[in-house]
Every structure is written in C-alpha cells, then in structure tokens.
Amino acid sequence: MQTSNEKVDNLQRDLKRYAEVSLSSFDNLKLVFALVSSSSATNKIQEQEERPLAYEASPFGPSEQTQSNLDETNELNQPIYCIKWLGHWIHCGNTASYAAKVQVLDASEQSTEIDRIEKSRLREIDVPVLTLQQIEFICMDHAHFDHC
C-alpha cells in the first residue's frame, strides 16, 4: 500500500503530462480531482481522510481590505482555488485565471501561500469528478481556442 507522500509524488508525476496545457483554475480543480480519482480507483476505494477537498480561498475579509490590497492587479490579494489532499495543499490558480498552473505546495510554500489565508475564509466547493477522457476533451478545447 502506498504512503500519502508516494501518492502525492505520483500526482506530481501525472501533472507533468499536463504542464504545457493552459487550463483555467477551475479546470485545474477538475484535472486534479480526475487524476486523484483515477489513481484511487485502481488502488481500492478511498478512505474518508484521503478524499480531496476543494476550496475557494479569500485572503482578506471585508474589514481588512485597504486600498492597497483591493488592487486587483496584485495576485496575492486575489481569491484562489485550492485542494487539500492527504495533508498537502494543491494551488490551482487565482479564481479569475483562465491560464493557471497547478502547483503542489511543499511545506515551506504551504506556510507562505496558504498561511496568508484565514482558515475561516475557506469555502468548500463541489467539483465534478470527470474521467480522464473528459479531461482530454477539455485540454483539446483549450488548445483549440488558444490557437484561434
């Protein structure tokens, strides 16, 4: 049976196949869910603690917003989509991004990226679990429109 670190390493390896594909941040959520689901289907049914959870995370609450952090050009101040899986955070991009990269955060990056977000501001979201074939169609669709 694989350890959680081995599972995360496998996810990172699988994500490398999609490194050149430019997907939106929400499509990145669907990609990660599909990869996790396809690997868990071959490795028995997921335990409850292994189920990935998707969140929309906002870095600031209304009372903390100032003119400097309301600047929408500042990426650090934009809400993000992220996934918590096996104790790791996976950053899927800013919510408004149409061309985001997936990043599995290591311990030092987690403290930098995720700690700036109040845990009370995590809003769990439902992500449709797609097959890998459906993900391929999404990738082809994005490639077509990037080309046009």
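The values are calculated or read from the model by the stated rules, or taken from the named source; none is laboratory data. Here the structure is a predicted model, which is why all the values come from computation and not from measurement. Here the Cβ is made from the backbone with ideal geometry for all residues, glycine too, and neighbour counts use every protein chain on show. Please note that ligands, DNA and RNA were not included when accessible areas were found on the heavy atoms of the full protein model with its side chains. Shrake-Rupley method; radii C 1.70, N 1.55, O 1.52, S 1.80 Å.
Heavy atoms of the protein only, probe of 1.4 Å, neighbouring chains included. What is the accessible area of LYS101 in Å², nearest 10?
Estimated to the nearest 10 Å², LYS101 gives 120 Å².
In nm, to one decimal, how far is the modelled label at MET1 from the one at LEU105, with both set 7 Å along Cα→Cβ?
2.8
Residue by residue through segment 10-20, which ³J(HN,Hα) values in whole Hz follow from phi under the Karplus form 6.51 cos²θ - 1.76 cosθ + 1.60 (θ = phi - 60°), with glycine and proline marked x?
So the Karplus estimates, Gly and Pro as x, are 5, 4, 4, 5, 5, 5, 4, 5, 9, 4, 8 Hz.
May I ask you to order 27-39, 125-137 by the average number of other C-beta atoms within 10 Å around their residues, highest value first?
Going from most to least packed, we get 27-39, 125-137.
Full-extension gain between LEU132 and GLU50, please, as 0.36 nm times their residue separation minus the C-alpha to C-alpha distance.
27.6 nm
Once both labels are modelled 7 Å past Cα along the beta-carbon direction, what's the LYS119-GLU20 spacing in nm?
4.1
Between GLY93 and residues 5 or more places away or on another chain, which pairs have amide H atoms under 5 Å apart, with H built 1.01 Å from N, and which residues are they?
Under 5 Å from the amide H of GLY93 lie the amide H atoms of TYR81, each far enough along the sequence or on another chain.
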